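Here is the structure we will look at.
The values are calculated or read from the model by the stated rules, or taken from the named source; none is laboratory data. Note that the structure is predicted; figures quoted are calculated from it, not measured. Counting neighbours? That spans all protein chains shown, and the Cβs are built from the backbone with ideal geometry, glycine included. When the accessible area is computed, the model is the full protein with side chains, heavy atoms only, and any ligands, DNA or RNA have been set aside. Shrake-Rupley method; radii C 1.70, N 1.55, O 1.52, S 1.80 Å.
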Amino acid sequence: QVQLVESGGGLVQAGGSLRLSCAASGSIFSLIGMGWYCQVPGKQRELVARITSGGSTNYADSVKGRFTISSDNAKNTVYLQMNSLKPEDTAVYYCHAFIRTRMLSPVGDYWGQGTQVTVSS
């Protein structure tokens, strides 16, 4: 079993900052990559940022220059530093990971429970 546990969400004023963390634990043979997605009611979950085990990153256009994703491979943890937050960043943020649980097992994808980020104007 694999668990992703998120922390760091909350309420912040526009222009402020938050830092999200997500730690993966359990049966992890190799962690291929991790990322953050966001979802608002009535809309599909969307990619915010992702990072591979090698350090390659991708960002949604809407967060480029404001958000930074990073990881600590030794701790199986991914971070999302969110600066210059805007009211439109308000959403539930979900951690995601591609993980191989055993040497010959297929790569599975796993989700955290979500953490609310609310940006007030």
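General observations
- Pick from region 24-42, criterion polar (S, T, N, Q) and either more than 15 Å from Val92 (Cβ to Cβ) or outside any strand (DSSP E or B) (or both), ranking: least open to solvent (accessible area, probe 1.4 Å): Ser30
- Filter result (among the acidic types (Asp, Glu) and out of contact with any Cys (no Cβ under 9 Å at 6 or more places or on another chain)) within region 72-101: Asp72, Glu88
- Scan of region 70-120 for residues that are polar (S, T, N, Q), open to solvent by 70 Å² or more (accessible area, probe 1.4 Å) and modelled with pLDDT under 95, ordered by number: Asn73
Table: residues versus (1) at negative phi; (2) of a type outside the set (A, V, I, L, M); (3) open to solvent by 50 Å² or more (accessible area, probe 1.4 Å).
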| residue | (1), (2), (3) |
| --- | --- |
| Leu4 | yes, no, no |
| Ser7 | yes, yes, yes |
| Leu11 | yes, no, yes |
| Leu18 | yes, no, no |
| Ser53 | yes, yes, yes |
| Thr57 | yes, yes, yes |
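- Scope region 43-59; condition more than 13 Å from Tyr94 (Cβ to Cβ) and either touching an Asp or Glu at 6+ places or on another chain (Cβ under 8 Å) or assigned to a strand (DSSP E or B) (or both); matching residues: Ile51, Thr52, Thr57, Asn58, Tyr59
- Residue in region 66-87 that is free of Cβ contacts under 8 Å to residues at least 12 places away in the same chain and within 22 Å of Gly9 (Cβ to Cβ) present: yes
- Among the conditions (1) more than 17 Å from Val2 (Cβ to Cβ); (2) open to solvent by 60 Å² or more (accessible area, probe 1.4 Å), the only one that Leu47 does not satisfy is (2).
- When each of Ser62, Ser21 is tested for being of a type outside the set (Val, Ile, Thr) and in a strand (DSSP E or B), the lone residue that passes is Ser21.
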